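The values are calculated or read from the model by the stated rules, or taken from the named source; none is laboratory data. Just so it is clear, the model here is predicted, and its values are computed rather than measured. Using ideal geometry, Cβ is built from the backbone for each residue, glycine included, and neighbour counts are taken over all protein chains shown. Accessible surface is based on the protein model in full, side chains and every heavy atom, while ligands, DNA and RNA are left aside. Shrake-Rupley method; radii C 1.70, N 1.55, O 1.52, S 1.80 Å.
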Amino acid sequence: MTELRQRGAKESDASLQQQRSEDKGSDNELKADKDGVSDNEAKVDSGVPDVPVPPDDTPEVLNKALSGLSSRWKNWWVRGILTLAMISFFFFIIYLGPMVLMMIVLCVQIKCFQEIITIGYSVYHSYHLPWFRTLSWYFLLCVNYFFYGETVTDYFFTLVQREEPLRILSKYHRFISFALYLTGFCMFVLSLVKKHYRLQFYMFGWTHVTLLIVVTQSHLIIHNLFEGMIWFIVPISCVICNDIMAYMFGFFFGRTPLIKLSPKKTWEGFIGGFFATIVFGILLSYFMASYRYFVCPVEFNNDSNSFQVDCEPSELFQLQEYALPSIMESVTGWTTVRLYPFQIHSIALSSFASIVGPFGGFFASGFKRAFKIKDFANTIPGHGGIMDRFDCQYLMATFVNVYIASFIRGPNPAKVIQQLLALRPDQQLHIFNSLKAHLMEKGLLPALDDVVA
Amino acid sequence: MTELRKRGGGGDDRGSEADSDHRPQSDAEADADLDVDCKAEGADVPDVPLSTADTDNTPECLNKALEGLPPRWKNYWIRGVLSMAMITFFFLIIYMGPIVLILVVMTVQIKCFQEIITIGYRVYRSYELPWFRTLSWYFLVCVNYFFYGETLADYFGALVQREEPLQFLSRYHRFISFALYLAGFCMFVLSLVKKHYRLQFYMFAWTHVTLLIVVTQSHLVIQNLFEGMIWFIVPISIVICNDIMAYLFGFFFGRTPLIKLSPKKTWEGFIGGFFSTVLFSFMLAYLLSQFQYFVCPVGFNSETNGFTIECAPTEIFILQTYTLPAVIQNTLGWETVKLYPFQIHSIFLSTFASLIGPFGGFFASGFKRAFKIKDFASTIPGHGGIMDRFDCQYLMATFVHVYIASFIRGPNPSKVLQQLLMLQPEQQLSIFFTLHSQLKERGLLPPV
């Protein structure tokens with residue numbers, strides 16, 4: 001979302017002029033450059049053919065409504081309206097439920113993949129390479145099949161056991177995924193053409209890095225979602241809030257530049273955004289933790305064959321009394337405060353979103369500068385492509401997943417039973433005895449005779 | 001190992017040919033290295049100095065001993081001697097046991113990583129980029145820490161639970177690994193320098209793809225090892241055998257070229273190698289299945305703090321009688337044959353090694369042609385770098401791992417127990433009752 005700040009301040013005609021002068025500059029550099037990327041000191045990274053400036057994509061209706069305003073204000077209004085539209089869409093899909101959310105995550109993933117691969121094509125003029133587009137999409141399909149298969153096996157265990165073809169697919173899932181991937185690998189090797197080896201290897205590497213970034217993290221988002229929709233909504237909202245608040249603070253109070261990579265970011269915006277996001281995170285989690293719809297893990301109900309979000313809220317989502325430290329006691333006059341423990345966790349989440357999240361944005365900025373593109377694509381008018389909006393989200397999704405795995409959740413009981421039943425009988429007996437000893441120690445097994453009889 | 005065949009036939013001629021490619025073609029360089037459509041491959045790649053890969057690394061003693069022979073025979077002898085040396089080394093480390101094997105795998109992994117990264121540096125002239133070497137090695141350490149931590153927590157569960165700091169590290173392992181990785185990521189972002197963005201991103205991606213290939217697969221090799229040393233020895237031996245047999249068949253009978261990418265490979269070599277590898281693996285599996293040392297999963301004995309390889313061999317390593325199909329009965333005159341089931345599995349492993357394994361070699365060949373290098377490095381005289389020897393092994397390691405996970409092994413009992421103990425008490429109770437009824441049904445629980 002760095003483009004938000006960079007472009008908001010520029011006039012749109014000034015930006016066009018700048019683009020033209022950049023074009024001229026890079027043409028000169030191209031002529032002067034004879035050694036490819038080797039000679040760095042004398043010139044900027046040249047040799048990247050310019051990605052053509054995308055035409056103005058704003059829908060006609062918006063254009064008409066805003067025809068009276070000057071171009072700068074028009075830009076602001078377009079961005080503002082689209083921002084509100086995206087936020088409303090976000091609320092709408094939350095309302096529609098987990099199934100729709102998964103579909104949306106899948107669509108966003110495919111779109112991000114397409115955007116990055118298209119950049120690779122245009123950077124390397126790889127349009128006409130044999131098989132390449134097919135192979136990229138094929139690898140996307142393979143990796144998605146692998147991940148979705150693992151997820152489905154975990155969460156829909158009983159459904160999978162019931163249907164015979166699903167059971168076979170699930171038992172040999174890794175083997176099938178590997179075989180599919182190998183087919184793609186062999187096709188790649190067979191498609192190597194004599195004069196294009198290097199390009200083909202570049203695109204192969206590009207595809208794999210993109211898959212690593214985009215696909216793995218969209219699956220982590222879905223894992224988070226299954227823990228409870230609050231683990232999906234709060235992180236995404238914190239990142240969005242941090243972007244907007246940092247922009248506002250930077251706009252009103254910004255003075256000291258933050259990093260050379262994104263000249264429009266300021267320390268004032270960064271720090272103001274940090275505090276504002278923490279407060280927002282606390283308030284949002286207070287609001288959401290009271291509803292089961294957000295708090296309960298998403299489960300699949302075998303009888304009704306649909307998702308249900310109904311449960312007994314865990315400790316994390318029950319109001320508890322905390323004694324305030326004495327400093328805050330004197331300030332606010334309260335001795336104790338009732339909080340959800342989740343609100344404490346949300347402080348950790350918002351801190352991450354404000355402090356480390358922007359590095360995802362800097363990474364994407366650096367990437368765009370390296371390949372001389374303004375935006376990843378032109379999907380959202382005024383904002384750029386889907387990747388532009390989601391660049392900070394990816395680090396956040398991984399962090400939330402790791403956070404949950406380390407601090408919140410234990411292993412999945414259904415999965416443990418599944419593994420237990422797949423063991424050999426002597427191993428099962430061994431585990432049974434260990435478990436019995438453990439439970440007896442904890443006093444959970446009332447009387448041995450009652451149980452074993 | 002494709003270089004084995006290519007250079008055996010015409011090593012010196014190719015060397016001089018490659019040199020002429022590298023004289024820079026000045027006029028054609030209007031565009032940068034990306035625009036390859038209108039000119040030959042040779043014009044656009046910045047010159048990778050071939051000096052290190054080409055230096056004759058042969059030790060002095062060998063040189064002296066082979067002084068009298070013409071260069072072609074000298075080449076053969078060097079390769080032969082080194083091949084025998086490598087195979088002997090292989091036997092030695094097997095004899096020395098699992099810990100040494102793990103250390104050797106780790107060393108090989110680090111060397112392969114270094115070779116590939118060095119190629120990246122040379123291709124992109126990235127020596128002077130700030131922080132870059134540090135960051136590449138840092139990412140290697142992070143990813144290794146993550147994988148080794150996961151492996152250790154699984155296999156050394158008892159040891160880990162005993163020591164307090166290890167327990168803490170194990171419980172928050174993912175978080176710590178992620179934090180370490182993030183620190184590296186943030187350092188990368190902070191190290192982006194204005195004129196070098198593109199190079200830095202390229203090297204970042206190069207590092208990650210290398211990690212993906214080299215590190216994940218070396219860990220799969222180690223996991224295969226823990227299943228039983230036979231799962232480590234047999235696949236590696238099969239790939240080596242396939243290379244050597246395909247070379248010999250190609251040398252004596254080779255006529256039809258196999259693939260444009262590796263012109264010295266032939267269909268005769270391919271098919272001959274396939275059949276001889278299947279036969280070899282069949283016999284090797286028979287030989288190794290009799291020894292507990294190879295067959296038993298590597299376990300860690302908490303009391304002696306050492307690895308123990310002792311167990312009751314599982315079903316696949318116990319001789320069973322198979323009735324031969326009628327066709328073979330007529331030819332051989334036997335009705336039944338006693339085989340280890342593992343030998344049947346080894347047929348599948350060797351089929352994979354012969355049919356799909358070479359694609360790993362073609363991939364590495366294509367990579368070397370794309371970046372105009374002869375060998376990955378010059379570590380082993382006559383053979384090239386470590387990556388040259390291991391390029392076919394990587395696909396094999398992944399295949400064996402997936403094969404074991406799908407067809408042989410169930411889940412790891414100590415890991416299941418560990419997860420069980422981490423659940424909530426109510427969940428533990430419900431699982432306890434489920435297990436209880438299951439075991440009772442099977443009659444495994446003695447009556448009280």
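Just the accessible area per residue of segment B:243-367, please: how many Å² with a 1.4 Å probe? Write out the running numbers ahead of the final one.
Numbers: 6870 Å² over 125 residues.
With all protein chains present, segment B:243-367 gives 55 Å² per residue.
Per-residue HN-Hα couplings for segment A:212-225, Karplus 6.51 cos²θ - 1.76 cosθ + 1.60 at θ = phi - 60°, whole Hz, x for Gly and Pro?
4, 6, 6, 6, 4, 6, 5, 6, 5, 4, 5, 4, 4, 4
Within segment A:263-287, whose backbone N sits under 17 Å from a point 7 Å along Cα→Cβ of A:Thr332?
Inside the label zone: A:275-287.
At 7 Å along the Cα-to-beta-carbon direction for both B:Ala85 and B:Thr323, put a label point, then send me their distance in nm to one decimal.
5.5
Can you work out ³J(HN,Hα) from phi for every residue in segment B:424-437, in order, using Karplus 6.51 cos²θ - 1.76 cosθ + 1.60 and θ = phi - 60°, giving whole Hz and x for Gly and Pro?
In residue order, the calculated couplings are 5, x, 5, 5, 4, 4, 5, 5, 4, 5, 4, 5, 4, 5 Hz.
Rounded to the nearest Å, what's the spacing between the alpha carbon centres of segment A:99-125 and segment A:292-369? Just the number, please.
Between the Cα centre of segment A:99-125 and that of segment A:292-369, the gap is 29 Å.
Partner chain Cβ atoms within 10 Å, averaged over the residues of B:369-376 - can you pull that number for me? Could you put the intermediate results ahead of the total?
Values: counts 5, 9, 3, 2, 0, 0, 0, 0.
Partner Cβ neighbours, averaged per residue: 2.
When only DSSP loop residues count, what chymotrypsin sites (Phe, Trp or Tyr not before Pro) in segment A:279-336 have their Cβ near at most 16 other Cβ atoms within 10 Å?
Details: sites: A:Phe280, A:Tyr286, A:Phe287, A:Tyr291, A:Tyr293, A:Phe294, A:Phe300, A:Phe307, A:Phe317, A:Tyr322, A:Trp334; in loops: A:Tyr291, A:Trp334.
Sites meeting the loop and neighbour criteria: A:Tyr291, A:Trp334.
Quick query: amide H of A:Gln320 versus all other amide H atoms, modeled in the peptide plane; which residues come in under 5 Å with a sequence gap of 5 or more or a different chain?
Placed amide hydrogens put A:Leu339, A:Tyr340 under 5 Å from A:Gln320.
Please give the contour-minus-distance gain from A:Ser406 to A:Ala85: 0.36 nm per residue of separation, less the Cα-Cα distance, rounded to one decimal in nm.
112.0 nm
Taking a spot 7 Å from the Cα of A:Trp76 along the direction of its beta carbon, which residues of segment A:253-290 have an amide N less than 16 Å from it?
Residues A:253-254 qualify, since their backbone N sits under 16 Å from the label point.
Across the residues of A:131-142, average count of Cβ atoms on other protein chains within 10 Å? Please list the in-between numbers first.
Details: counts 0, 0, 0, 0, 0, 0, 0, 0, 0, 0, 0, 0.
Across A:131-142, the average partner-chain Cβ count within 10 Å equals 0.
With each label point set 7 Å from Cα along the Cα-Cβ vector, what nm distance links B:Arg72 and A:Ser191?
The modelled label-to-label distance comes out at 4.0 nm.
Counting only other residues whose beta carbon sits under 10 Å from that of B:Cys296, what net charge do I get with K and R as +1, D and E as -1? Could you put the intermediate results ahead of the total?
Details: positive: none; negative: B:Glu227, B:Glu310.
Value of the local net charge: -2.
Using a 7 Å offset from the Cα along the Cα-to-Cβ direction at both A:Ile344 and A:Leu283, what is the distance between the two label points in nm, to one decimal?
For the pair A:Ile344/A:Leu283, the computed spacing is 2.4 nm.
Per residue of A:430-436, what is the mean number of Cβ atoms on other protein chains within 10 angstrom of that residue's Cβ?
Working: counts 3, 8, 8, 0, 5, 9, 3.
The mean count of partner-chain Cβ atoms within 10 Å per residue comes to 5.
Using a probe radius of 1.4 Å on protein heavy atoms only, what is the accessible area buried between chains A and B, both sides summed, to the nearest 100 Å²?
Values: alone 25880 and 25390 Å², together 42510 Å².
Its buried surface, counting both partners, is about 8800 Å².
How about segment B:269-378: which GluC sites (Glu not before Pro) there lie in a loop by DSSP and see at most 11 other Cβ atoms within 10 Å? Mind showing how you got there, number by number?
Working: sites: B:Glu303, B:Glu310, B:Glu315, B:Glu335; in loops: B:Glu303, B:Glu310, B:Glu335.
Listed in order of number, the matching sites are B:Glu303, B:Glu310, B:Glu335.
Just how far, in whole angstrom, is segment B:227-252 from segment B:171-224 if you go by their alpha carbon centroids?
32
Determine, from the Cβ-Cβ distance of B:Trp334 and A:Thr151 and an R0 of 56 Å, the FRET efficiency 1/(1 + (r/R0)^6), rounded to the nearest 0.05. Intermediate values should be presented prior to the final figure.
Details: r = 50 Å, r/R0 = 0.89.
Efficiency for this residue pair is about 0.65.
What pairs in A:Lys195/B:Lys374; B:Lys264/B:Lys338; B:Lys74/B:Lys368; A:Lys111/A:Lys194; B:Lys111/B:Lys374; B:Lys74/B:Lys265 have C-alpha atoms more than 29 Å from each other? Spell out each step's value before the answer.
On the way: A:Lys195/B:Lys374 17 Å; B:Lys264/B:Lys338 40 Å; B:Lys74/B:Lys368 25 Å; A:Lys111/A:Lys194 32 Å; B:Lys111/B:Lys374 18 Å; B:Lys74/B:Lys265 22 Å.
B:Lys264/B:Lys338; A:Lys111/A:Lys194, as the Cα separations exceed 29 Å there.
What does a probe at B:Val104 reach in segment B:352-385, counting residues whose amide N is under 19 Å from the point 7 Å along Cα→Cβ?
From segment B:352-385, the list is B:379-381, B:383-385.
Enter the Cα centre distance for the pair segment B:287-355 and segment A:267-289, rounded to the nearest angstrom.
62
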